[in-house]
Amino acid sequence: MKKVINIIVLVILVLVAASCDRSKRAPNLQYMPNMYEPVGYETYGANPNFEPGMEERLPVTGTIARGAEFTFEYDASIEGYELAKINLKSPLDLADIDAARSKSLYTIYCASCHGTKGDGQGDLVKNEKFLGVPNYKDRDITEGSIYYVLMYGKNMMGSHSSQLTEEERWQVTAYVQELRNN
Amino acid sequence: MKSAKQKSLISKLAFTSIAFLFLITLNISAQGDAVNGKKLFNMNCAGCHKLDKDLVGPALGGMSDRRENAWLKSWIKDNVAFQKVDSDAKEAAEYSPAAMPAFPQLSDQEIDDIIEYTKPVVAEEMVAGSSTVVVAAAEPQDNTLLYILGAIVFVLILMIFNLYSTVNELKGNAPKRKTIEEQLKSIWRAFAGNKFLHFLLVIFFLLSSAYLGFSYLLQIGVDQGYQPIQPIEFSHKIHSGDNKIDCQYCHSAAKHSKSSGIPPANVCMNCHMNIAEVADGTVIGNHGKEVLNKEIQKLYDAVGWDKDKLAYIEGYEKKPIEWVRIHNLPDFAYFNHSQHVTVAGLKCQKCHGPVEEMDEVYQYSPLTMDWCISCHRETEVDMTENGYYKKIHEQLANKYGVKEVTAAQMGGMECGKCHY
């Protein structure tokens, strides 16, 4: 009888040991942690000196990004949109438009919803995750209003200004115009 | 008496159901085609309107009960022009600061189709019809029960053997044999006398302990397979696998910077302003829709989004989402994402593995120096359309006597490139 109990205890122990794989949840040992761990604060790390405890900071209001040409002077309102639609013009001339790059940027940042052809039939629309994405050709838009919407978003579309630089936004604008005209 | 009552009940039921069916068919045949209406609604209206909930614009379910058909048509076709002639329309425009665009491309028939789709009965039926298909699709698989059952069966078999041998011994049927002590003694005597066996054993012991020792030492500091628990149960499989969102949509810093970037929460909100719930039938591990909806709520709690009012809460104290970093190079090794993503044009999967298949991300590659260098040795650099450096590239190819220069030959193996 004792033997049987021993066997049962052993089996349970083995099961318990096999079920808790702590190893993959925690990082491994290191030889010399003070050579592995950075001394300075890491970009996406924690920093107790700033509220709310992260190293990353928002730029001061009115900061102009390096390489950007001007501050964006249209505000987020219907009037701002209408003004941008009429007045805002692309600083890129034909020679500056990089066809391959503008297409690849469009494919990464827009095509999920707007579709590779700009017809509003992206994968997210086909999967019924995001609905009501219009065909570019059905809408009365200009390069100014396209850029404005990339900056501020419109209706259920959010701003994409944090993912694209100023120059890239104009490249994407150029590609959207190309899709509209074809 | 009883049967008469039952009969009247049955006939009543039959009559109402027939009347109901008739009503539905009448509805569909008289007005518009709800299926086409759904398609048009999803394409043109659903960006700002839902059927049962206010979005940018008001909920449109049952709009034909609230407004006349002709009014709706004029409004949809060109609401700005309509506002000038209709005071009701002017009032309706004050619903939201966002102006509704005109839809001159929709015909009268198409608008009728959309109106048909927004009728509560029709929409519910179509939703019910589609959801039954979804529910049948995915059933979560859980093997734990199977393992436990297997273990129980194993223990039972052992017990049966044990019982069997005890019963045999009690019966006195056990065969005469040497006791275990005697057996062990004879084996020991044979072993003690064999010098060659001693020698072999010592060699074997030394080699195997050296092997075990070195393999233990070599895996220190290597985190392959590391899979920490993240603050939000975010599934890369759903986002980049099922919905095919490009890696760089969220990790947009990878193209320009050293770090590939943890997407800021405003990038999540680009989609999740609209998507407050996971789709029916979504399963991650053991967690179904109810648990996963709370995971999306964690995002809203971090940024202060009110999902019912569809607006950011004013004066909300935002909290960072503390993701746990998985891929971590030691501080003495420099790595730059833009060099690999933009310049070399590598796919993310080359180093990070099939992330689009992972519900929970783990470290796929060992990230050891050997791993870096073997890739640099194998990878041939794409020199096409790089006229500026043409001469240098040719000289390099001549120096090494090769046609295609590898990353290592370009300097991808100099110590100072990564350690400085």
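The values are calculated or read from the model by the stated rules, or taken from the named source; none is laboratory data. Here the structure is a predicted model, which means the values were calculated and not measured. Positions of Cβ are generated from backbone atoms using ideal geometry, with glycine treated the same way; all protein chains shown enter the neighbour counts. Quick note on the areas: whole protein, heavy atoms, side chains included, nothing else; ligands and nucleic acids left out. Shrake-Rupley method; radii C 1.70, N 1.55, O 1.52, S 1.80 Å.
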Computed, not fitted: 222 nm per-residue ellipticity of chain A from DSSP H runs ≥ 4 (each -39500 (n - 2.57)), nearest 500, equal to -12000 deg cm²/dmol
Which residue, B:Gln227, B:Gln349, B:Gln395, has the most motion in a Gaussian network model of chain B that connects Cα atoms within less than 10 Å?
B:Gln395
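Mind running the shape call on chain B? Use the C-alpha gyration tensor, a ≥ b ≥ c as the square roots of the eigenvalues: rounded below 1.5 for a/c, prolate if a/b tops b/c, oblate otherwise. If you can, show how the numbers build up before the last one.
On the way: a/c = 3.33, a/b = 1.44, b/c = 2.31.
In terms of gyration-tensor shape, oblate.
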For the range B:191-215 and the range B:250-278, compute the distance between their C-alpha centroids and round to whole Å.
57
For A:Arg180 the rounded accessible area (nearest 10 Å², probe 1.4 Å, non-protein molecules ignored) is 60
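What's the ranking of B:102-110, A:109-117, B:52-60 by average number of surrounding C-beta atoms within 10 Å, highest first?
Values: B:102-110: 14.6, A:109-117: 21.1, B:52-60: 17.1.
Peptide ranking by packing, descending: A:109-117, B:52-60, B:102-110.
Taking Cα pairs under 8 Å and at least six residues apart, what relative contact order does chain A come out at, in percent? Intermediate values should be presented prior to the final figure.
Details: 151 pairs, mean separation 31.8, N = 182.
Worked out over chain A, it gives 17 percent.
What does the average come to when, for each residue of peptide B:322-333, you count the partner chain Cβ atoms lying within 10 Å of its Cβ? List each step's numbers first, then the result.
Details: counts 3, 1, 2, 4, 1, 0, 5, 1, 8, 8, 4, 1.
Partner Cβ neighbours, averaged per residue: 3.
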What is the helix-to-structure angle for A:143-152, meaning the angle in degrees between its Cα long axis and the longest Cα principal axis of chain A, kept from 0 to 90 and rounded to the nearest 10?
30
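Please list the helices of chain B that count as membrane-span-like by this rule: a mean Kyte-Doolittle hydropathy of at least 0.0 together with Cα atoms stretching 24 Å or more along the helix axis, each helix being a complete DSSP H run. Mind dumping the intermediate values first?
Values: long enough: B:2-30 (41 Å, 0.85); B:120-137 (26 Å, 1.28); B:144-171 (41 Å, 1.68); B:195-218 (35 Å, 1.77).
Long hydrophobic helices here: B:2-30, B:120-137, B:144-171, B:195-218.
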Within 10 Å of each Cβ in peptide B:252-261, how many partner chain Cβ atoms are there on average? Round it to a whole number, please.
3
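Accessible area lost on pairing A with B, both sides, 1.4 Å probe, Å² to nearest 100?
4900
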Residue-normalised accessible area of the protein assembly as shown, given per residue in Å² at a 1.4 Å probe:
67
Based on Cα coordinates alone, diagonalise the gyration tensor for the range B:368-420, multiply each eigenvalue by 5, take square roots, and list the semi-axes in whole Å, largest first.
22, 12, 10
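Sum up the charges of everything whose Cβ sits under 14 Å from the Cβ of B:Cys48, counting Lys and Arg as +1 and Asp and Glu as -1, but leave B:Cys48 out.
So the environment of B:Cys48 carries a net charge of +3.
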Folded to 0 to 90 degrees: helix A:99-109 orientation relative to chain A principal axis, Cα
50
Using only the heavy atoms of the protein chains and a 1.4 Å probe, how would B:Ile321, B:Ile111, B:Ile148 rank by accessible area, largest first?
B:Ile148, B:Ile321, B:Ile111
Where a Cα-Cα gap under 20 Å defines reach, which aspartates and glutamates qualify for B:Lys309, not counting those fewer than 8 residues away within the same chain?
B:Asp52, B:Asp54, B:Glu94, B:Glu277, B:Glu295, B:Asp301, B:Glu317
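When only Cα pairs under 8 Å and 6 or more residues apart are kept, what is the percent relative contact order across chain B?
Working: 343 pairs, mean separation 56.2, N = 420.
Computed over chain B, the figure is 13 percent.
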Would you mind pulling out the separation of the Cα centroids of the range A:53-101 and the range B:317-388, in Å?
30
GNM on chain B, C-alpha springs below 10 Å: top fluctuator among B:Ile392, B:Ile284, B:Ile157?
B:Ile157
Sequence-distant or interchain residues sharing an amide H contact under 5 Å with A:Phe130, placed H: which?
A:Val125
Find out how many positive minus negative residues lie around A:Pro134, taking Lys and Arg as positive, Asp and Glu as negative, among other residues whose Cβ is under 12 Å from that of A:Pro134.
+1
Running a GNM on chain B with Cα contacts under 10 Å, which residue among B:Tyr117, B:Tyr164, B:Tyr388 ends up with the highest mean-square fluctuation?
B:Tyr164
Near B:Lys255, which lysines are there with a Cα under 16 Å away, not counting those fewer than 8 places off in the same chain?
A:Lys103, B:Lys347, B:Lys350
Summing -39500 (n - 2.57) over every DSSP H run of at least 4 residues in chain B and dividing by its residue count gives a helix-only mean residue ellipticity at 222 nm, to the nearest 500 deg cm²/dmol, of -16000 deg cm²/dmol
What is the sum of charges, Lys and Arg at +1 and Asp and Glu at -1, for the other residues whose Cβ falls under 10 Å from the Cβ of B:Ala265?
+2
By how many degrees, between 0 and 90 and to the nearest 10, does the Cα long axis of helix A:78-87 differ from the longest principal axis of chain A?
60
Where does the Debye-calculated log10 I(q)/I(0) of the protein assembly as shown sit at q = 0.05, 0.06 Å⁻¹, using only Cα point scatterers of equal weight, no solvent?
-0.39, -0.53
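May I have the convex hull volume per residue, in Å³, for the Cα set of the range A:78-181? Intermediate values should be presented prior to the final figure.
On the way: hull volume 10.1 nm³, N = 104.
Per residue, the Cα convex hull of the range A:78-181 comes to 97 Å³.
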